[in-house]
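Down below is the structure, laid out as C-alpha cells.
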Amino acid sequence: MRVAFLGLGVMGYPMAGHLQRAGHAVTVYNRTTSKAEQWVGEHGGKMAQTPAKAAAGAEMVFACVGNDDDIRAVALGDEGALSAMAPGTVFVDHTTTSAAAARELGAQANDAGIAFVDAPVSGGQAGAENGVLTVMVGGSVEACDRAEAVAACFARQWRRMGDSGAGQLTKMVNQICIAGLLQGLSEGLHFAEQAGLDPAAVFDVIGGGAAQSWQMDNRAATMAAREFDHGFAIEWMR
C-alpha cells in the first residue's frame with residue numbers, strides 16, 4: 001500500500017520503519033528535514049518537504065507527533081495532509097492528544113470524505129522499536145479494521161474502543177494509572193533510601209508480591225541510578 005508517515009520522533013521513526021519493512025511504499029515527513037533524510041538512508045522509501053506532499057497519492061496516512069497543536073499543524077491548512085488526501089482514504093493519528101482534538105479532526109476529515117482514526121499507543125520507545133505496541137482506537141468500525149490490517153506490523157494489540165475520541169479517552173485512563181504508579185514507586189524509592197535500606201534488595205523482595213508492576217520491573221533500577229531518558233517527557237504526561 002502507498003502510505004505516508006508524519007513525525008519521526010522516538011516512536012514514529014521505528015513505526016515508519018516497520019511499515020517499510022512490511023513491504024509498503026512509505027513517504028515520510030518530519031519537521032526537522034535531517035531526520036527524514038536519515039530515515040530514508042536507513043530504510044529506503046521517500047521523503048517529502050510538507051505533510052501535503054507526503055500524503056498526496058497515499059491510501060493511508062499515519063501521524064505520530066507531539067500534542068494537539070502539532071497534529072493540527074500537520075493535518076490542517078494548505079500544507080496539511082488532509083488537503084491532499086483523496087476521498088476514501090484513511091488518516092490514522094497515533095499522537096497522544098485530547099479527545100476534543102480527535103473529534104475536531106475527525107469531523108473535518110469526514111467532511112472531506114476521509115476516514116479518521118484516533119489511535120494513541122502504549123509501550124514506549126522499546127515497544128515501537130520491537131513492533132509490539134498496544135493501540136487504543138476510536139473511529140468507525142470499517143476505518144479501524146482497515147487501519148489495523150496495515151498497523152499490524154508494529155502493533156501487538158489493536159482494540160477499537162468506540163467512536164472518535166474514544167481511543168484518546170482510553171489513553172487518558174492509561175496515563176492516569178501510569179502516573180499514579182510512578183509517583184508511588186518514586187515515593188517508595190525515596191523512603192528506602194532515607195531509611196538506609198538497599199533499594200535494589202527492597203525492590204527485589206517486594207517485586208515478588210502484591211506491589212509488583214511493569215513500572216517497578218522496568219523503572220525502579222533506573223530511578224535508583226537517576227537515569228530518566230526513556231523517550232517520554234514528563235511535561236507530556238502532565
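The values are calculated or read from the model by the stated rules, or taken from the named source; none is laboratory data. Small disclaimer: the values here were computed from a predicted structure and weren't measured. Because the Cβ atoms are built from the backbone with ideal geometry, glycine has one as well, and the counts that use them run over all protein chains shown.
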Requested in this report: Return only the number of the condition from (1) in contact (Cβ under 8 Å) with a residue 60 or more places away in the chain; (2) in contact with a strand residue (DSSP E or B) (Cβ under 7 Å, 6 or more places away or on another chain) that residue 170 does not satisfy.
Outcome: (1)
Query raised in the report: Across segment 127-148, which residue is farthest from residue 100 (Cα to Cα) among those that are without any contact (Cβ under 8 Å) to a residue 60 or more places away in the chain and assigned to a helix (DSSP H, G or I)?
Result: 130
Query - Residue in segment 84-98 that is part of a helix (DSSP H, G or I) and without any contact (Cβ under 8 Å) to a residue 60 or more places away in the chain present - result: no
Query raised in the report: Considering segment 184-202 alone, what residues qualify as being more than 22 Å from residue 123 (Cβ to Cβ) and not aliphatic (A, V, I, L, M)?
Result: 187, 188, 190, 191, 193, 194, 196, 198, 199
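Does residue 21 satisfy the criteria of being touching a residue at least 60 places away in the same chain (Cβ under 8 Å) and either more than 20 Å from the chain's Cα centre (by Cα) or assigned by TED's automatic domain parsing to the domain that holds residue 93 (or both)? Reasoning before the result, please.
Details: touching a residue at least 60 places away in the same chain (Cβ under 8 Å): yes; either more than 20 Å from the chain's Cα centre (by Cα) or assigned by TED's automatic domain parsing to the domain that holds residue 93 (or both): yes.
Here the answer is yes, as residue 21 does meet what is asked.
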Query raised in the report: Taking residue 111, is it among the charged types (D, E, K, R) and in contact with a helix residue (DSSP H, G or I) (Cβ under 9 Å, 6 or more places away or on another chain)?
Result: no
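Could you tell me which residue of segment 116-130 is farthest from residue 93 (Cα to Cα), considering only residues that are surrounded by 24 or more Cβ atoms within 10 Å (Cβ to Cβ) and not acidic (Asp, Glu)?
Step one: of segment 116-130, the residues surrounded by 24 or more Cβ atoms within 10 Å (Cβ to Cβ) are 116-121, 128.
Next, only the ones that are not acidic (Asp, Glu) stay: 116-117, 119-121, 128.
Working: 116: 8, 117: 6, 119: 6, 120: 7, 121: 10, 128: 15 Å.
Among those residues, the one meeting the criterion is 128.
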Report task. Evaluate segment 52-60: report whether one residue or more is within 23 Å of residue 136 (Cβ to Cβ) and in a strand (DSSP E or B). Result -> yes
Query raised in the report: What residue, of 22, 55, 48, is crowded, with 24+ Cβ neighbours inside 10 Å and either at positive phi or not basic (Lys, Arg) (or both)?
Result: 55
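Just need a number here: residues in segment 94-128 that are hydrophobic (A, V, I, L, M, F, W, C) and under 16 Å from residue 168 (Cβ atoms). It would help to see each step written out before you state the result.
Our first condition is that a residue be hydrophobic (A, V, I, L, M, F, W, C); within segment 94-128, this holds for 99-102, 105, 107, 109, 112, 114-117, 119, 121, 126, 128.
Remaining after also requiring under 16 Å from residue 168 (Cβ atoms): 99-102, 105, 107, 109, 116-117, 119, 121.
Qualifying residue count for the region: 11.
Residues checked against (1) among the basic types (Lys, Arg); (2) surrounded by 12 or more Cβ atoms within 10 Å (Cβ to Cβ); (3) over 21 Å from residue 64 (Cβ atoms):
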{"site": "173", "(1), (2), (3)": "no, no, no"}
{"site": "182", "(1), (2), (3)": "no, yes, yes"}
{"site": "186", "(1), (2), (3)": "no, yes, yes"}
{"site": "201", "(1), (2), (3)": "no, no, yes"}
{"site": "219", "(1), (2), (3)": "yes, yes, yes"}
{"site": "228", "(1), (2), (3)": "no, no, yes"}
Report task. Return yes when residue 77 is more than 18 Å from residue 3 (Cβ to Cβ), surrounded by 21 or more Cβ atoms within 10 Å (Cβ to Cβ) and over 13 Å from the mean Cα position of the chain (by Cα) and no when it is not. Result -> no
Query raised in the report: Quick check: is even one residue across segment 96-108 crowded, with 21+ Cβ neighbours inside 10 Å and hydroxyl-bearing (Ser, Thr, Tyr)?
Result: yes
